[in-house]
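Colleague: Quick one: structure below, then a few questions.
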Amino acid sequence: MELWIGAVNLGILYAFMAIGTFITYKLYSFPDITIDGTFATGAAVASILIVDGWNPLLVLPVAFLVGSLAGFITGFIHTRFKIEGLLAGILVMTGLYSVNLHIMGKSNIPLLTSKTFVSILSSVNPGLPPELWTCFFLVAAMLFFWILVSLFLKTDFGLTMRATGNNPVMVAAQGVSVNRIKIFGVAIANGFVGISGALIAQYQGFADIGMGIGSIIFSLAAVIIGEAILRSRSVFVQVLGVIIGSVIFRLAVAFALNVGMNPNDLKLITAVFVLFTLVATGAFGKNSSGFMKKVYNWLRIKNRRIFLFLGLTILIAGYFIGKQMIFPSERNHMVKIGVVLANQSDILTKTRDGLYSELTRLGYVNGKNCVILEQNAEGDIPTNLTIIDHFIHQKVDIFIPISTASTQAALNKIKNRPIVFATVANPFMIGAGTSPVNHPPNITGVYGASPIKELLAIFRQMYRGKVKIGVIYNPAYPNTVSNLKDMKTALENDKDIRLEEATVSNSNDVYQAALAIANRDVAAFVLINDLTVFNSFESVVRVSKNNEIPIFTCDAERLKDGALIVYGYEYYGSGMQAAHLVNRIIRGESPQNIPFEKYKILTYGLNYDVARELSTPIPAAIRLAADSWVRDGILTRPAFTLPPDPELWREKKVALFQFSSSSLLDMSMHGFNQQINSFAAERSIKFKMEEYNAHGDFSTGQSIATAIVEKNYDYVVTFSTLALQIMASVNKKIPHVFCAVTDPIKAGVATTLSDHQQNLTGLATPQPVEATIKLMRQVFPFAKKIGMIWNTSEVNSEICTIKARAACKQYGFQLTERTITTLDDLDDARKSIVSSGIDIFFISGDVMISQVIPQLAKPMTQEKIPFFSNTAEDVNSGTFISLGADYSQVGEKAAEVFIGVVKGTNPKDIPIELYVPFSLGINLNLAKEFGVAIPDTMISAAKIVVRQP
Amino acid sequence: MISISNINKVFNAGEPDEVSALKEVNLIIHEHEFVTVIGTNGSGKSTLLNVIAGSAATDKGIITIDGTDVTRKADFQRAKYISRVFQNPYSGTAPGMTIAENLLMAFFRGGARYPVISLKGQLKDKFRTQLASLDMQLEDRLDNLMGSLSGGQRQAVTLLMAVLQTPKVLLLDEHIAALDPKSAAQIIRLTQKFVSENNLTTLMVTHSMKNALESGNRMIMMHKGRIIEDFQEQDKKNLTVEDLLSKFEDIRKAEKLTPELIDSLKNQYI
Ligand SMILES: Nc1ncnc2c1ncn2[C@@H]1O[C@H](COP(=O)(O)OP(=O)(O)O)[C@@H](O)[C@H]1O
Ligand SMILES: [Mg+2]
């Protein structure tokens, strides 16, 4: 659904522009191409103001005014200098490109973190899907604008505008300055286009210098579709037609993408469509005869035409919506990967090839265990957005935008699914976080700026003293600008190098720029990565050869094309690295915890052929250091391989550490294992679980913990407080999840539930001491003395005892304690405590003593002393009432925490959770013996009830 | 009302197809005069009207209307004083707009147009009564497109538009030439009616000598960019179609002579 609503939204936003075209084209028969530039101008003005802190709605009138100014100039040139409207538009559009660059200061302004109308809307969203919510607002806004424009066209002034387009001679004869009216009309039309640009920039989350290219054709298509659907003399209907036309056009684009059409073909289809519609609505209908005429006449009848279009639209929409509703469960377990490239340039296609080859190596086979969708925006910026929408609609699981523009689009559209970008020079510049580890939670990727500093160092090995170097670049590309900045920073330390710059705006300028630089007596061309320059690299090579000026560059691909020295990253490798990140995410890691990676594969290349041709001597150091070279036209380079990544393929090793055996700990481990196995099966992650048990021995425990750290386990899970403590003191790095722990704060691994040792997290399950003592009071209203034995070397036991002391005070008991450190002392302690005259015997969370419950239960029963404990299962061993936690539930819960860690959440970010699922055990036989009545509600709440067989 | 002195108009100056459309033309038209203009094809009649209306700039000379020098003013600026009807019935109206909308354009002739909606109730009623005066059953078709009207009807509406705001000068350039005889007669009748009702200063170019003689109170005859005859009211009354024909015959004969002789003849003649 998002795809279609997204298309409607785009349609409405572009409708502002289409209405502008309606004014120039339909009213004045003047297809104003200025809008290609004005659209970006509106976006540019809006984004710098928004970044500056302006209200996103207040920027709209400014965008309108600036757009109008551009239109005014076109109109002025057209009318005053009698220059063909189309030509005047081209002139202004061309000039606007530079103006837009100046307004923006750079070629791309991200608005992701700024307040836009979209973010304002989403902050008051009552819970609807965001696109739908935006849609409501846009429809309302467009309704208002529609009425406003239509009413304006009905006023005396508006009528004069329309009459001017219809018959300028007549209007002039009525005392109207045709020129002025035309200028005014073109101006407000461009004002509307400016608004459209300002809105689209906010909607897509950035402004880019390349926005708006080709707008005129799409705009015309919208106007023509509108006219075809709604034929009427009423301006209200005409303007409405334009709006609907714009929406239908965007739906058609979405449809084309949805059926797998190449968006590149879309332009041709649009052009053919516009041509066809022009022909069909014009000469063809009137002059043809026979069958076609009949068809035409049938179509001409207005209502039928509307019904036909409505019917078709409903049919198509119905088909898709229906498909989604009827077969929503067409579940596909294969992971869907959506790859989007901004254009067909070398750098991007290489990245993609690297991605695919490495994905294949990692075992992903398209169609077999994954689905890979790929689309190319062919240099058209809004198409990136539509592709992303399409991918969302296709339920793509992982998005792989290759290029800065595609990443920007993905970043803006996708908030809840993982994005792995590749080949982005500077992701921070486009708002993807502030550092490699501090970034939006759903995104990671591969990036890197050119190693220009290193390249200059190599240059310095060959040229010493005062030298000049030449650089050619197109300031329109954000990547280029950031590369140039790096270059200048690097040169700051070397005042003897002077930089000679030449800028170009397209590939045709490159030759002249190179010549100009050659004339400035430079020692070498040191070329930063720039799409425009590299598209015309041969021209630089030509100048290089004719003037014996070598080329140094950061683009490794240029080695065989005629550069002398290359030092740069392999974009193929960028794709390979991205493949690994994708793999990690598919295997369950969260992008949030995957730091952005810098490019890893580097080529240091030397072209011996060029060196000979330019008679440049190459120092031995460089000859030795180069890992790739061209000699006699043959390129030799090492194979691209990433360092093997065992991290990903090795199964995850998990150590399960239990300090001693007890039914309670066994239960929690069992619950844990069960839960983990189902997760592992679902995620196709392999876990290798290894269980360690210290059997109550501290030194064994200690050595187990050390071994776990040394064996480099991926994760540790501990059961019981002691296991936690031992492990936590030895291991400060392996992610550690603990459970069956009474109080981690007292155990010393945390100061508060959320502030704990960095590498661990887990569950706190205190024995319900207070609840148990309350229960004692309920069952034995007249009892006075409680006796407790506990092991002073167990922190947990101490904690329970302290709680028991407080609870006893609260419920009017007197507490008698006997402490032991080994089980050897148990008998004595028991005898001593029994002889002190206790009414109730209580063992709480003491691991050591819990192991010998039956030994204690028997004498207590003989002495007719009710035995309470904090493990429900103890009633099977002879206790009277035991209230504890359900440790199999605790184990399951711990597994959930563990899964979170495996998925990539850093343990330090997971607060320790207090988790006590009550579990009650009662021995009814003993109840009879003690002569107490147990209420039925309590019996039914109990998990374990012991009765006479 | 209109004073034209020493007007020259050359088209395509300096090029092989250079044409002197107006040569040293002097003409004074008084208030309430109804001047008919005749002349051979290409003699400069339309150019004269265009120069007065401002849609063609003069090369030389001064034009004043109602005492104001308008020589350097653009056509739309002169529209305050002047209204026009063209030969082509398609030129005077906007075919893609309704009759009422066209009339509205003329209603504001020479004035400002604001973004307010004036075309409603009262004004429409006014337009309706004025259309009724054309006697062409157009009063019920206010909201029909101009393009749906016949040539005669359009020319009638154009004429109505021209006098909707009483102009100081009315310029009619062969405005019946493209019409069938019946419509032409109708339009001429309407023209005479409007001119006399409003006592308009009028310049009417016509190719019909009969019309030229029957309408107006003064007549000028043009040839090769010059005014070669100027008949005041009394002389005009006595003229017949035959007289005019013989004048044309003279010119035709003269044209067989050498250019030098023609010039000398003309000089003598005027
Ligand atoms: N726009 C123009 N460009 C060049 N020549 C023109 C133009 N308008 C008129 N002419 C020439 O000027 C002369 C006078 O034309 P016009 O005033 O239209 O004559 P009339 O209306 O008397 O038939 C003709 O020779 C005509 O060809
Ligand atoms: Mg003429």
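Colleague: Positive end of the dipole of the stretch A:839-938, charges at C-beta (+1 Lys, Arg; -1 Asp, Glu), about the Cα centre: which of A:Gly931, A:Ala872, A:Ala857 has its Cα farthest in that direction?
Modeller: A:Ala857
Colleague: From the phi of every residue in the stretch A:722-727, what ³J(HN,Hα) in whole Hz does the Karplus formula 6.51 cos²θ - 1.76 cosθ + 1.60 yield, where θ is phi - 60° and glycine or proline is x?
Modeller: 5, 4, 4, 5, 4, 5
Colleague: So what are the ³J(HN,Hα) numbers for the stretch A:616-628, from phi and the Karplus equation (6.51, -1.76, 1.60; θ = phi - 60°), rounded to whole Hz, Gly and Pro as x?
Modeller: 9, x, 10, x, 4, 4, 6, 4, 6, 6, 4, 9, 9
Colleague: A follow-up question, please. Provide the FRET efficiency to the nearest 0.05 for the A:Glu374-A:Lys809 pair, computing r from the beta carbons and using R0 = 41 Å.
Modeller: 0.05
Colleague: Rounded to the nearest 20 Debye, what is the dipole magnitude of the protein assembly as shown about its Cα centre when Lys and Arg each give +1 and Asp and Glu each give -1 at the C-beta?
Modeller: The calculated dipole for the protein assembly as shown is roughly 2040 debye.
Colleague: What's the angle, to the nearest 10 degrees (0 to 90), between helix A:853-862's Cα axis and the longest principal axis of chain A?
Modeller: Once rounded, one gets 40 degrees.
Colleague: Related question: Between A:Thr752 and A:Arg80, what is the spin-label point distance in nm, taking each point 7 Å from the Cα along the Cα→C-beta axis?
Modeller: 6.8
Colleague: What is the Cα centroid distance between the stretch B:211-254 and the stretch B:32-70, reported in whole angstrom?
Modeller: 18
Colleague: Pick from B:Ile251, B:Ile38, B:Ile62: which residue has the top mean-square fluctuation in a GNM of chain B where Cα pairs under 10 Å get a spring?
Modeller: Maximum among the listed residues: B:Ile251.
Colleague: Of all the C-alpha pairs in chain A, what % are more than 44 Å from each other?
Modeller: When every Cα pair of chain A is considered, 52 percent fall beyond 44 Å.
Colleague: Give me the distance in nm between label points sitting 7 Å out from Cα along the Cα-to-Cβ direction at A:Ser232 and A:Ser123, one decimal.
Modeller: Taking the two extended label points, one gets 3.9 nm.
Colleague: Of A:Lys350/A:Lys733; A:Lys893/A:Lys928; A:Lys336/A:Lys686, which sit over 32 Å apart, Cα to Cα?
Modeller: The answer is A:Lys350/A:Lys733; A:Lys893/A:Lys928.
Colleague: State to the nearest 20 debye the size of the charge dipole of chain B about its Cα centre, where the only charges are +1 on K and R beta carbons and -1 on D and E beta carbons.
Modeller: In debye, rounded to 20, chain B gives about 640.
Colleague: Could you work out [θ]222 nm for the protein assembly as shown from helices alone, using -39500 (n - 2.57) per DSSP H run of at least four and dividing by all its residues? Round to the nearest 500 deg cm²/dmol.
Modeller: -15500 deg cm²/dmol
Colleague: Same structure, new question: If one takes the longest principal axis of the Cα atoms in chain A, at what angle in degrees, from 0 to 90 and to the nearest 10, does the Cα axis of helix A:302-326 lie?
Modeller: Here the helix axis deviates by roughly 30 degrees.
Colleague: Roughly how crowded by other chains is peptide B:104-113, in terms of the mean Cβ count from those chains within 10 Å of each of its Cβ atoms?
Modeller: Details: counts 5, 14, 4, 2, 7, 4, 3, 4, 4, 12.
Partner Cβ neighbours, averaged per residue: 6.
Colleague: For A:Val717, list long-range residues whose amide hydrogen, built 1.01 Å from N in the peptide plane, is under 5 Å from its own amide hydrogen.
Modeller: Counting only residues 5 or more places away or on other chains, the set is A:Ala655, A:Leu656, A:Phe657, A:Val737.
Colleague: According to the square roots a ≥ b ≥ c of the eigenvalues of the Cα gyration tensor, what is the shape class of the stretch A:331-447, taking rounded for a/c under 1.5, prolate for a/b larger than b/c otherwise, and oblate for the remainder?
Modeller: Taking the square roots of the gyration eigenvalues as a ≥ b ≥ c, the stretch A:331-447 is rounded.
Colleague: Rounded, prolate or oblate: which one fits the stretch B:14-121, using the alpha carbon gyration tensor with axes a ≥ b ≥ c (rounded when a/c is under 1.5, else prolate when a/b beats b/c, else oblate)?
Modeller: Note, shape of the stretch B:14-121 comes out prolate.
Colleague: What is the packing order of peptides B:64-75, A:654-665, A:151-162, taking the mean over residues of other C-beta atoms within 10 Å and listing the highest first?
Modeller: A:654-665, A:151-162, B:64-75
Colleague: Neighbour counts of other C-beta atoms within 10 Å: give me A:Ser345, A:Ser668, A:Ser232, A:Ser450 arranged from fewest to most.
Modeller: The most exposed by this proxy come first: A:Ser232, A:Ser345, A:Ser450, A:Ser668.
Colleague: Taking θ as phi - 60°, what are the ³J(HN,Hα) couplings along the stretch A:666-671 by the Karplus curve (6.51, -1.76, 1.60), each to the nearest whole Hz, with x for Gly and Pro?
Modeller: 4, 4, 5, 5, 4, x
Colleague: Among A:Pro591, B:Asn238, B:Ile4, whose Cα lies farthest out toward the positive end of the dipole of the protein assembly as shown, if unit charges sit on the beta carbon of Lys, Arg (+1) and Asp, Glu (-1)?
Modeller: In the protein assembly as shown, that residue is B:Asn238.
Colleague: Show the residues, 5+ positions off or on another chain, whose built amide H is closer than 5 Å to the amide H of B:Leu145.
Modeller: Hits under the 5 Å cutoff: none.
Colleague: Which angle from 0 to 90°, rounded to the nearest 10, does the C-alpha axis of helix A:35-51 make with the longest principal axis of chain A?
Modeller: Helix A:35-51 sits roughly 40 degrees off the main axis of chain A.
Colleague: In the protein assembly as shown, if the dipole is taken from +1 on Lys/Arg beta carbons and -1 on Asp/Glu beta carbons about the Cα centre, which of A:Ala198, B:Thr191, A:Gly605 is farthest to the positive end?
Modeller: B:Thr191
Colleague: If Lys and Arg each add +1 and Asp and Glu each add -1, what is the summed charge of the other residues whose beta carbon sits under 15 Å from the beta carbon of A:Ile458?
Modeller: Charge balance in the 15 Å sphere: +1.
Colleague: Is the shape of the stretch A:1-120 rounded, prolate or oblate, going by the alpha carbon gyration tensor and its root eigenvalues a ≥ b ≥ c, with a/c under 1.5 for rounded and a/b larger than b/c for prolate? Working shown, then result.
Modeller: Numbers: a/c = 2.37, a/b = 1.46, b/c = 1.63.
It comes out oblate by the Cα gyration axes.
Colleague: Is there a quick way to get the dipole size of the stretch A:2-268? I mean about its Cα centre, with the Cβ of Lys and Arg at +1 and of Asp and Glu at -1; what is the value in debye to the nearest 20?
Modeller: With only Lys, Arg, Asp and Glu charged at Cβ, the dipole is about 600 debye.
Colleague: Another question about this same structure. Measuring from a point 7 Å past the Cα of B:Asn26 along Cα-to-C-beta, which residues in the stretch B:203-246 have an amide N at less than 18 Å?
Modeller: Taking a point 7 Å out along Cα→Cβ of B:Asn26, the residues of the stretch B:203-246 whose backbone N falls under 18 Å are B:220-223, B:225-232.
Colleague: Still on this model: Quick check: the distance between the Cα centres of the stretch A:172-216 and the stretch B:175-198, to the nearest angstrom?
Modeller: 45
Colleague: Please work out the C-alpha center-to-center distance from the stretch A:499-564 to the stretch A:718-759 and express it in whole Å.
Modeller: 61
Colleague: Counting other beta carbons within 10 Å of each residue's own, what order do A:Cys808, A:Cys135 fall into, fewest first?
Modeller: A:Cys135, A:Cys808
Colleague: For A:Ser357 and A:Ile622 in the same chain, what is the full-extension length gain: residue separation times 0.36 nm, less their Cα-Cα distance, in nm?
Modeller: Separation in residues times 0.36 nm, less the Cα-Cα distance, equals 92.3 nm.
Colleague: Residues of the stretch B:13-49 with backbone nitrogen within less than 14 Å of a virtual label 7 Å along the Cα-to-Cβ line of B:Ser5, please, listed as ranges.
Modeller: Of the residues in the stretch B:13-49, B:25-29 have backbone N under 14 Å from the label point off B:Ser5.
Colleague: If each of B:Leu245 and A:Ala707 carries a label point 7 Å out from its Cα toward its Cβ, how far apart are those two points in nm?
Modeller: Between B:Leu245 and A:Ala707, the label points sit 13.6 nm apart.
Bear in mind that the values in this text are calculations on the coordinates, not laboratory data. Not measured: the values here are computed from a predicted model. Because the Cβ atoms are built from the backbone with ideal geometry, glycine has one as well, and the counts that use them run over all protein chains shown.
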